[in-house]
1. Among the residues of the range 264-320, count how many are over 21 Å from Ala196 (Cα atoms) and out of contact with any His (no Cβ under 8 Å at 6 or more places or on another chain).
2. When the range 477-504 is examined, which residues are found to be over 15 Å from Asp527 (Cβ atoms) and charged (D, E, K, R)?
3. State whether one or more residues within the range 199-222 are without any contact (Cβ under 8 Å) to a residue 60 or more places away in the chain, touching a helix residue (DSSP H, G or I) at 6+ places or on another chain (Cβ under 6 Å) and not aromatic (Phe, Trp, Tyr).
4. Under 20 Å from Thr599 (Cβ atoms), surrounded by fewer than 24 Cβ atoms within 10 Å (Cβ to Cβ) and touching a residue at least 60 places away in the same chain (Cβ under 8 Å): is that true of Phe153 in this structure?
5. List every residue pair whose Cβ atoms lie under 8 Å apart, where the two residues are 6 or more positions apart in sequence or sit on different chains, the first residue falls within the range 676-688 and is farther than 16 Å from Gly701 by Cβ, and the second residue, located anywhere, is in a strand (DSSP E or B) and of a type in the set (Lys, Arg).
6. Residues to consider are Lys432, Lys391; find the one that is under 28 Å from the mean Cα position of the chain (by Cα) and within 26 Å of Val705 (Cα to Cα).
7. Would you please list the contacts, defined by Cβ atoms under 6 Å and residues six or more apart or on different chains, that run from a residue in the range 287-300 that is within 16 Å of Ala213 (Cβ to Cβ) to a residue that is among the small types (Gly, Ala, Ser) and in a loop (DSSP other than H, G, I, E, B)?
8. Considering (1) touching a residue at least 24 places away in the same chain (Cβ under 8 Å); (2) farther than 15 Å from Thr484 by Cβ; (3) in contact with a Ser or Thr (Cβ under 8 Å, 6 or more places away or on another chain), say which one Gln439 fails and leave the rest.
Amino acid sequence: MASSLHLHPSSSSPLPLLLLLPTLPMPSSPLLLPLLQHITLHLHSRYFPDLPPHPLREDPATLQHRRCRSPSRHTTIPMVVGIPPWSRHQRPRRPLQRQRPCCHRLPQVLLSAAAFNRTLWRAIATAIAVEARAMYNIRQAGLTFWAPNINVFRDPRWGRGQETPGEDPFMVSTYAVDYVRGFQGDVDGGSMMLSACCKHYTAYDLEKWHKFARYTFNAKVTKQDMEDTFQPPFRSCIKDGKASCLMCSYNQVNGIPACARGDLLEKARGEWGFKGYITSDCDAVAIIHEDQKYAPTAEDAVAEVLKAGMDINCGTYLLRHTKSAVKKGKLEKKYIDRALFNLFSVQLRLGLFDGVPKKQRFGRFGADDVCTKEHRELALEAARQGIVLLKNDKNFLPLQKSKVKSLAIIGPAADDTDILGGDYTGFACNPKSLYKGLQAYVETTTLASGCLDVPCYSTTGFKEAVRVAQEADAVVVVAGLNLTEETEDHDRTSLLLPGKQMHLIKAIAHVSKNPLILLLMGGGPLDVSFAKRDPKIASVLWIGYPGETGGQAVAEVLFGDFNPGGRLPVTWYPESFTDVPMNNMNMRADPSRGYPGRTYRFYTGKVVYPFGYGLSYSKYSYKIKSAPHRISLLESTVRRMATEDGLDYMPIDKISSCEALKFAVKVSVVNNGPMDGDHSVILFSRSLANITGLPRKQLIGFERVHTIANGDAEIDIPIDPCKHLSMANEQGERVLPLGVHVLELEELEHVLFIEA
């Protein structure tokens, strides 16, 4: 669930744990009681000036509370005097959801990820934060948002893969850090602009596939996969990003509900230094008893999660059953104390009790900071940078405006602005459809839907589409996915284009004067092998869900006002991959069972387009200007483990100084083409060690650079061998393979030898 928590003094929504204070024994924690006293004694008058102060004491009878009405459930509930309610309210990928235009609808996360641009990611998060804080200041939004979604896009059928930064754990980790830093205000424990939440912890990437559903799915994960695939994004989000919220997921992890996995929740706090609150996904506590049957009673479910380390429940289960759990002796009050302390700590950092929002540190933001020209330009730039050119036979693109007198755009999504945002999107400021974008370049632009809707079960409309295509100088067909095919609680069963879309494309290609241009929308990978082979389809572009400025961005790319430089953040598999059970969580291939593995790091089968693929209107070449050829670990304590070919590995925790091993790869990027353009340089590494489960290769660095036509630019890619060149062994230990590591930049290779 992609929700947020509403933090506003005027709210009248429920406060799940705080509401229990009038009926539970008072907090015994030496830290929590002064915290509550400070809030109620010194700040209550800012919100309830008509009520006299009532200090918190050990006797719960002295706690004053009043009744307030919950707008969501229409029931009265108690509230602690002086403490405003804290409740779930927003959905946070784009800033807000309102019943009127309120905020910029940025591209869906997966398309932004395709830019491979950290600076862009942080700028996007900051822009969202500014608009969200502005809306809070005018009493239209909250302060706590449940984003980013940093689950690895493990299976191409996953309905929520569009919300994530892709399939590579290093890339997802990097995105998580930049998003959280930009969103919260780049703080390390102090006051925050907003609160971000790392979700869904952990091994969550199945909605509803055949007989498996996310509410009851047991993700069986090996120690090796847990360490080097599923956990790294969360470790980075907390340890480096300093996120103030962690959401535990619906699914079980190796037989235990994620929200009841005390070992995993404690790892976040103890090992990664998490300081914030842990929330369940919505109704995830209820399903532990009602659906998974893991807990025999509702009270047991509540006790399990609070003891494990969860602090707040999205839903009403804690509200309805915590008191009973305490009375029955299943839950001690110290767990409630801890939860309250964690919740209040985040609220204090957000300035919730500091008075009128407009007079606070971020009070300068207001209505004028929403739907600004600067943020619209950012949305446009994000869409431009993410668009991926997959095919461009004979340099068919870019189109020359002077030679295109008429243009046809065909497809049910061509003039639909709602589809541009993907799932969890708001009401955009000024959306422009693909049709309107192209019409700005070619006045004589004709529209035909072809299919009645994106699922395209009928050929009704084909005849009109063919007629329109026959008369145009250039033809653009918009195909792909929308939320009927992929969304929360809904996975795909096929990687082919929906319904009769392929038939429509072929029919149009057959009658067009010139080869057509195919635009593919959606988040999930598609098997478009037919388009890749068909000479009547000159160009193919993946445009994801490009946001409110998608129409303009696509038109600029097609007519050469922007040189595409995006790269696929996921592998595009053939339809045969659907034979692989989606419930099989194993990342590594197993030839003995005919299991091909998952993602570019382990997959051994054929692909339609590989991870990191993307063309440009220019041709680029590289030269490695400097990089070490040898790294020595002589000062480290080595635990040697001989392998068949004599190579060893080094456990990371045995390396005395990872800092001393860091280096940079200096790369010269040459633009050999006729156009200026941005180019994403992505650096991979592969080890030649003989270690079980070794990745085929793995991403270790990337940088987006602007180059002029026939010019060059230099970049430095920082490498931390302990992080980037390491892997997990079968015991789930992080190890650094010794011996040869090959650094790869497209066809260019650089050999690095690591010795002990």
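The values are calculated or read from the model by the stated rules, or taken from the named source; none is laboratory data. Please read all numbers here as calculations on a predicted model, not as lab measurements. Cβ placement follows ideal geometry from the backbone for every residue including glycine, while neighbour counts extend to all protein chains displayed.
1. The number of residues fulfilling the criteria is 21.
2. Glu488, Asp489, Asp491, Lys500 - these are the residues of the range 477-504 that are over 15 Å from Asp527 (Cβ atoms) and charged (D, E, K, R).
3. no
4. Numbers: under 20 Å from Thr599 (Cβ atoms): yes; surrounded by fewer than 24 Cβ atoms within 10 Å (Cβ to Cβ): no; touching a residue at least 60 places away in the same chain (Cβ under 8 Å): yes.
No: the conditions fail for Phe153.
5. Between residues of the range 676-688 that are farther than 16 Å from Gly701 by Cβ and residues that are in a strand (DSSP E or B) and of a type in the set (Lys, Arg), the close pairs are Asp678/Arg704.
6. Residue meeting the stated conditions: Lys391.
7. Ile288/Ala295
8. With respect to (1) touching a residue at least 24 places away in the same chain (Cβ under 8 Å); (2) farther than 15 Å from Thr484 by Cβ; (3) in contact with a Ser or Thr (Cβ under 8 Å, 6 or more places away or on another chain), Gln439 is out only on (1).
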